[in-house]
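This report concerns only the one structure given below.
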Amino acid sequence: MRTVRSAAFVSLCILVVAAILVPAARAQKTAPADWRANDARTVAQQKINTRVLAAIYHRRGDAKAIDLSAPGDAIQVDRHGRALVDVRAQVRPSLEKKIKALGGLVVSTSRTYDSIVGWVPLQTLERLAADSSVLAIEPAQ
């Protein structure tokens, strides 16, 4: 009688463990693909909008250059390879100097909205994003 109870208890435990582990394993297999792509990006790249990042990859001729934007969503790039971007950061003279040192041109600043809009070379945007004061880089509107 004891062995029957023990066998029933072990069977119940196996069913409970299976009920917990099977859905967890399925959830890991069906994780969104863009989660893995974002995880592979550097901290600086994670600060850069995906449309801007796609333009950087395209300009570089990088194999990762996947067109992530819709046809009407292209970012503005001038003939010098500078993109019109909105750098989200606390507006400080040192950051404006850095943008200029990287070959950028500051168009406008807003201390109220923590925003610097300017033309910045695509090739230097990752270096700008690596600055700890920069929160995000997005296409300017």
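Just so you know, all these numbers are worked out from the coordinates, no wet-lab data involved. Quick caveat: nothing in here was measured; it's all calculated off a predicted structure. When we count neighbours, we look across all protein chains shown, and the Cβ atoms used for this are built from the backbone with ideal geometry, even at glycine.
From 128, 135, which residue is part of a helix (DSSP H, G or I) and either buried (at least 16 other Cβ atoms within 10 Å of the Cβ) or in contact with a strand residue (DSSP E or B) (Cβ under 7 Å, 6 or more places away or on another chain) (or both)? Walk me through how you get there before you give the answer.
Values: 135 fails: part of a helix (DSSP H, G or I).
Residue meeting the stated conditions: 128.
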* Can you pull out the residues in the stretch 84-125 that are in a loop (DSSP other than H, G, I, E, B) and of a type in the set (A, V, I, L, M, F, W, C)? -> 91, 102
